[in-house]
């Protein structure tokens, strides 16, 4: 099924990675919105899928101008029946927009971590890559798919899917985050070299796990068949 997808990217260091590869395999028509740099406001009704990626900002920080604009974009998508795929920040903002809350987590989650899944046919236990300081509460009507001790890790609401973990990350993306996040890694007691070694080793299985998850989403929830 060919479709148009709008990818909302929030900073240079957080590109779509394996999600972009998957969309290319679907022969999707892709519109990339750098919402931190562009002022245009796309009409969500022109797309079949809205994808919101990660960000260094917190979804609860309403002082950030693009967060308010993106919340309006998500609301427009929801009211028009356009599904949203939210990743990390994107999942937090989607939860907030739909009536949940976004908040600071009691501790960060960083590294390759396993999740407790209630629907392994869609979201396996992983490990998946995590790097976030925030969490969220589920909005009314959402179904919890996976969780950790810190909070929700995956949920559905209607035909939308929120994922707290980073299914999109390539080793190159993680390497950029490691370079810019040494202080945070040191504070968490994480060895950057060991993290990169594990990330490179896991890359082939991560690519396949990402595409399998997205295919299952496309063939089920996205089409309203689950």
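The values are calculated or read from the model by the stated rules, or taken from the named source; none is laboratory data. A quick note: this is a predicted structure, and the numbers were derived from the prediction, not measured. All Cβ positions, even for glycine, are placed from backbone atoms using ideal geometry, and neighbour counts span all protein chains on display.
Reported count of residues in the range 163-205, each being out of contact with any helix residue (DSSP H, G or I) (no Cβ under 7 Å at 6 or more places or on another chain), surrounded by 18 or more Cβ atoms within 10 Å (Cβ to Cβ) and closer than 23 Å to residue 12 by Cα, is 6. Of all residues in the range 32-74, those satisfying the criterion of being part of a helix (DSSP H, G or I) and either crowded, with 19+ Cβ neighbours inside 10 Å or in contact (Cβ under 8 Å) with a residue 60 or more places away in the chain (or both) are 44, 66, 67, 70, 73, 74. Output yes when any residue across the range 22-31 is touching a strand residue (DSSP E or B) at 6+ places or on another chain (Cβ under 7 Å), assigned to a helix (DSSP H, G or I) and within 20 Å of residue 219 (Cα to Cα), and no when none is. Checked against the condition, which is being touching a strand residue (DSSP E or B) at 6+ places or on another chain (Cβ under 7 Å), assigned to a helix (DSSP H, G or I) and within 20 Å of residue 219 (Cα to Cα), the range 22-31 yields at least one hit. State whether the residues of the range 166-176 include one that is under 21 Å from residue 118 (Cα atoms) and in contact (Cβ under 8 Å) with a residue 24 or more places away in the chain. Yes: the range 166-176 contains one or more residues that are under 21 Å from residue 118 (Cα atoms) and in contact (Cβ under 8 Å) with a residue 24 or more places away in the chain.
Please tell me if residue 100 is crowded, with 17+ Cβ neighbours inside 10 Å, in contact with a strand residue (DSSP E or B) (Cβ under 6 Å, 6 or more places away or on another chain) and touching a residue at least 60 places away in the same chain (Cβ under 8 Å). Here the answer is no, as residue 100 does not meet what is asked. Counting only strands (runs of 3 or more DSSP E) wholly contained in the range 75-187, the ones carrying 3 or more residues that are at pLDDT 95 or above and farther than 18 Å from residue 51 by Cα occupy 101-113, 128-137, 143-147.
Condition first: closer than 22 Å to residue 173 by Cα and over 17 Å from the mean Cα position of the chain (by Cα). Can you find one or more residues in the range 48-67 that meet it? Checked the range 48-67: no residue is closer than 22 Å to residue 173 by Cα and over 17 Å from the mean Cα position of the chain (by Cα).
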